[in-house]
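The values are calculated or read from the model by the stated rules, or taken from the named source; none is laboratory data. In this text, all values refer to a predicted model and were calculated from it rather than measured experimentally. Cβ placement follows ideal geometry from the backbone for every residue including glycine, while neighbour counts extend to all protein chains displayed.
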Amino acid sequence: MLVVADGNGSYGSSSRMSSNINLNKNKDSSVSISKMDLIIPFSPEVPCDNNGQRMWWAFLASSMVTFFGGLFIILLWRTLKYLWTVCCHCNIKNKEAQKVNNPMNSQADGPTKNQNDKEDVPVSEVGWMTSVKDWAGVMISAQTLTGRVLVVLVFALSIGALGIYFIDSSDPIESCQNFYKDFTLQIDMAFNVFFLLYFGLRFIAANDKLWFWLEVNSVVDFFTVPPVFVSVYLNRSWLGLRFLRALRLIQFSEILQFLNILKTSNSIKLVNLCSIFISTWLTAAGFIHLVENSGDPWENFQNSQPLSYWECVYLLMVTMSTVGYGDVYARTTLGRLFMVFFILGGLAMFASYVPEIIELIGNRKKYGGSYSAVNGRKHIVVCGHITLESVSNFLKDFLHKDRDDVNVEIVFLHNISPNLELEALFKRHFTQVEFYQGSVLNPHDLARVKIESADACLILANKYCADPDAEDASNIMRVISIKNYHPKIRIITQMLQYHNKAHLLNIPSWNWKEGDDAICLAELKAGFIAQSCLAQGLSTMLANLFSMRSYIKIEEDTWQKYYLEGVANEMYTEYLSSAFVGLSFPTVCELCYVKLKLLLIAIEYKSEQRESSILINPGNHVKMQEGTLGFFIASDAKEVKRAFFYCKACHDDITDPKRIKKCGCKRIEDEHPSTLSPKKKQRNGGMRNSPNCSPKMTRHDPLLIPGNEQIENMDTSVKRYDSTGMFHWCPSNDIEKAILTRSEASMTVLSGHVVVCIFGDVTSALVGLRNLVMPLRASNFHYHELKPIVFVGSLDYLKREWETLHNFPKVSILPGTPLSRADLRAVNINLCDMCVILSANQSNIDDASLQDKECILATLNIKSMQFDDSIGILQANSQGFTPPGMDRSSPDNSPVHGLVRQTSITTGSNIPIITELVNDSNVQFLDQDDDDDPDTELYLTQPFACGTAFAISVLDSLMSATYFNDNILTLIRTLVTGGATPELEGLLAEENALRGGYSTPQTLANRDRCRVAQLALYDGPFADLGDGGCYGDLFCKALKTYNMLCFGIYRLRDAHLSTPGQCTKRYVITNPPYEFELVPTDLIFCLMQFDHNAGQSRVSLSHSSHSSHSSSKKSSSVHIPATNRQNRSSKAREARDKQNATRMNRMGPEKRWFTDEAENAYPRNIQIKPMSTHMANQVNQYKSTSSLIPPIREVEDEC
């Protein structure tokens, strides 16, 4: 405490301290202290002022000079900048006036204008100041590990400095201290040096320097940091305003939010109130302690009283509680004046719960104002459905570390202010995220967020709304408003219903070529599920590829280890090096995989007409062009750069792909297409697919393609495909002809089909079943390869969907309910290739946990069913397909028999099922034998990894993927929709139905596109690799021999165990490394070429669907060699004759059936001989008996 003495006595100290002062005077007579009004404790060991004068004003002056000096410089800079802007504006107006008065000078100014334009170009580049600013922003933010550590360290050191203040508060207010001997002063100095460095980082990262200079944390630094340096210089210490460090406690809730400790609104609010209460309490106590121990300046500091800091804390508490015992009270005028205002503030803040109201009254609108663009940094505007879930999912993928440096600022615009949880999320990403309250329907709000300079506008949809059509209408209105304000802005919007996409075409400024995209969730969801019907697990693999997921390393040898290694892969695009020019696609693909450790699956190909299209595994006849854009599967964007930097001369002998970097002999970048600006490199306008430029898979003249001679002989007067040639088509079928009764379905003995269990009624929203059927009716399948589709559900609902389904062949309806086991047995659920469970009632329930109740009940109902194993005679099949040119029955040709099934399906748990979920957490109810935690993310759960569950939330990442590269969305739609094009969308918008077209060479050529299949390793040409072989050897062999591009494995869950159990579940492994060891039970995901000659054969081989399920599958056909084609064909025809005879005896002559042969082509009077289960299992080991299974009844003439 301060000790002040004069001639009349002493105050603020004990008599003992006064005697110590006199004793010091007597010991050293050479040191004389004049009698003054103001003195401090003096010691001859410390070289203090000989006059004993206090220097508190020096400490305070250092803070005031720092504060006001910096404020003056900022205001001066702003004033000069404003004057400079006004002057430049006046000069521009004068030049424009001169051009109007002198038109001849405008032509002469043309070159100058062009030069000015060229000089303005570098403004958009990121300068070193912006880079330093971004670096500083990352360092002080909580979105990175370094930022979180720094923010927590600053808070911890602030609390430490506050603790040192508590210790020093027991000493006099001003005292002489030697810096080299005082340990607490040394620690305090170290802390303040760190605060000074942190202040510099905050200053560099601040957008508004004036606002930063006036904020609370800056004021705290001004009045705490400079006095420490003054104390070292003067060898004395002044307690002063160091109590302001207590204000750092206000950020305690933010620190806990950065650490993800506080997640709920109640906890955030509780910690917030407590931190504000304690920090204000301690800060006010520090001020009372200062003024009461110092006294009033105008009273010559004579009215001070000795009060400890904790006595001041006690005084403030009894004052705030309005008790006021009177034992301790303020004597100074400053202290009493402060207490008057503190009582008012304390009552308002701590007793009435109105701190937010006071803040709103005292400050401007919290989320008002306008966005200030930063030179060299793009920004996007995100609007629509802004909630904690949608924003967190978007930011998690958009700001993922696997992307290249994301120099994009995200501006959210919503008409409702964020709650505390969402506000905390924005604060964690404050360096790249800003929120403004407003509506995109208001032009004024669009101007506030600078929509005219935004790089894109993203519109999020509410996937869980009760009325999807109303939600789509709202988003379309947002698009209209934004396009009306700025027609050139790029818009990416989510749409819930496929038929609503047609309304976007009515907007004049909507342009696919300029990057406008509509992500239809219903279309893509149905497409993902449909692809799982052709190759189970593919939906999981594709969802993981187009989502940014971090690599989670697991040391234990479990299935999760291999699954997560594949999850870390994503889809990237990069231009191919000129070293690849002239090479065929398989050659480049093999080189990239073996040498560069990259998986190339597709390219952007420019035809002779310079039209760009995306070709997926095109084959040997496609040669690489200069500047070809490749689509890669890799774990990091930096890895894909190898394809661009690769040089045969420099990198041919390099074995470590990490050493492949830009070499000296690389040609000048200006000559390479990658020299496009970052925006154009991500979005090549020539690659956009508009209604006039559909992504057709045409490569060459279709008549010149090998094996395509039959095109010339086809009957062009029959309409077999739609007008685009992308889908199988038939004349409109009446729904009554497609309806199967339970007895008819039972006698049909369905097998190798797809059962779609749909929940819905008259009032349910349409799910768009056409998007599910279209991929299963793609024209790159031959007619006899099409899987029959049976819908099981309410007839009232299916009548509403039938208008979009009546032009597809092999589609039937069984009126009933998926919860009825009798209906499920009637459609032979145990013989299906896939059972799809959908619900149209999911959005009509308020409780999110009950939205999936119907789908979950149906799934558990099917899994608990039991079946007679005598049906196993119809179940013999192989899990996989035979590559074209291989004969399955000839041992000499090493056919691929695949996985043979030893026993038939006797339990429903072995039936391949894919269930659609709305709520991700409900995935825990699908598998009763898994150990997934309810809080586990969807992609980490066993049902999702096995491909038996699919949630629409996995499609959220497509918004970010489409923004960074719009070709990714085109690739996805090409993969999962079976070939839907903008041209087809325009036709559907006009007629809402497929239009049949005559077969022409041009439309038939559209069939020549690859498709996804699964290759078995149990037997055949790859059997030697299936038992301990390397995946890379299989990849190269399949690519060289059959032009099949392998990209993943579907493996039994317990295959890694030394003694595998009976578990038949499989999981997905994406893009395994070259040395990955294979097991015989593996199924290989591959992209196989279209087989032109398979349509002439009537032998259909099976297509894998499930590890334990070996039903007859007709999705992959093979071309039988000429040497034994006749024998195989005769056997197959005999088997079909048997099944046709049996079928006709059951149903009578009035029933028609699906078959690939012409009517009455073969005799129908041969009966099937009885066969035991044991005999059937023996047959299973050698050949497929899919030809013994009667196909589904045809509801109309063959197309």
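Identify, please: which residue in the stretch 990-1011 is at pLDDT 80 or above, among the aliphatic types (A, V, I, L, M) and out of contact with any strand residue (DSSP E or B) (no Cβ under 6 Å at 6 or more places or on another chain) and is, among those, farthest from Leu1034 (Cα to Cα)? Filtering the stretch 990-1011 for residues that are at pLDDT 80 or above, among the aliphatic types (A, V, I, L, M) and out of contact with any strand residue (DSSP E or B) (no Cβ under 6 Å at 6 or more places or on another chain), the one farthest from Leu1034 (Cα to Cα) comes out as Leu1004.
Only one entry in Pro1021, Pro1072 is part of a loop (DSSP other than H, G, I, E, B), surrounded by fewer than 23 Cβ atoms within 10 Å (Cβ to Cβ) and touching a residue at least 40 places away in the same chain (Cβ under 8 Å), namely Pro1021. From the list Tyr233, Tyr180, Tyr198, Tyr165, pick out the single residue that is closer than 19 Å to Ala142 by Cα, assigned by TED's automatic domain parsing to the domain that holds Ser141 and hydroxyl-bearing (Ser, Thr, Tyr). From the options Tyr233, Tyr180, Tyr198, Tyr165, the qualifying one is Tyr198. Looking at the stretch 628-643, which of the residues that are outside any helix (DSSP H, G or I) and out of contact with any Phe, Trp or Tyr (no Cβ under 6 Å at 6 or more places or on another chain) is nearest to Ile660 (Cα to Cα)? Here the residue is Asp636. Is it fair to say Asp823 is acidic (Asp, Glu) and in a loop (DSSP other than H, G, I, E, B)? Judged against the criteria, Asp823 is not a match.
Select from the stretch 281-323 the residues that are at positive phi and not small (Gly, Ala, Ser) and list them in ascending order. Correct list: Asn300, Phe301, Thr322. In the stretch 216-223, is there at least one residue being outside the structural domain of Thr332 (by TED's automatic domain parsing), at pLDDT 85 or above and touching a Ser or Thr at 6+ places or on another chain (Cβ under 6 Å)? Yes: one or more hits.
Summed over the stretch 581-614, the residues that are of a type in the set (Asp, Glu) and at pLDDT 90 or above give a count of 1. The helices (runs of 4 or more DSSP H) located wholly in the stretch 378-476 that include 3 or more residues which are surrounded by 19 or more Cβ atoms within 10 Å (Cβ to Cβ) occupy 388-398, 420-428. For Leu239, the conditions (1) at pLDDT below 85; (2) hydrophobic (A, V, I, L, M, F, W, C); (3) out of contact with any strand residue (DSSP E or B) (no Cβ under 9 Å at 6 or more places or on another chain) are fulfilled apart from (3).
Listed by first and then second residue, the pairs linking a residue in the stretch 965-977 that is within 17 Å of Ile529 (Cα to Cα) and not assigned by TED's automatic domain parsing to the domain that holds Ile601 to a residue that is part of a helix (DSSP H, G or I) and of a type in the set (A, V, I, L, M, F, W, C), with Cβ atoms under 6 Å apart and 6 or more places separating them unless they lie on different chains, are Val976/Phe528.
For Ser894, are the conditions met, namely being over 30 Å from Asn919 (Cβ atoms), modelled with pLDDT of 90 or more and not hydrophobic (A, V, I, L, M, F, W, C)? Judged against the criteria, Ser894 is not a match. Among the residues of the stretch 230-246, just one is within 18 Å of Val220 (Cα to Cα) and surrounded by fewer than 20 Cβ atoms within 10 Å (Cβ to Cβ), namely Val230.
Going through (1) under 30 Å from Thr1003 (Cα atoms); (2) in contact with a Pro (Cβ under 8 Å, 6 or more places away or on another chain) one by one, Val773 falls short only on (2).
Selection of the stretch 977-1009 for residues being surrounded by fewer than 24 Cβ atoms within 10 Å (Cβ to Cβ) and hydrophobic (A, V, I, L, M, F, W, C) yields Leu984, Leu987, Leu988, Ala989, Ala993, Leu1004, Ala1005. Within the option set Leu600, Leu534, Leu564, being more than 17 Å from Leu975 (Cα to Cα) and either more than 24 Å from the chain's Cα centre (by Cα) or of a type in the set (A, V, I, L, M) (or both) holds for one residue only, Leu564.
Considering only helices (runs of 4 or more DSSP H) fully contained in the stretch 191-257, which possess at least 1 residues that are of a type in the set (D, E, K, R)? By residue number, 209-214, 216-222. Of the helices (runs of 4 or more DSSP H) lying entirely inside the stretch 721-817, those containing at least 3 residues that are buried (at least 23 other Cβ atoms within 10 Å of the Cβ) are 770-776. Restricting attention to the stretch 296-327, which residues are without any contact (Cβ under 8 Å) to a residue 60 or more places away in the chain and assigned to a loop (DSSP other than H, G, I, E, B)? Hits for the stretch 296-327 are Asp296, Asn303, Leu307, Ser321, Thr322, Val323, Gly324, Tyr325, Gly326, Asp327.
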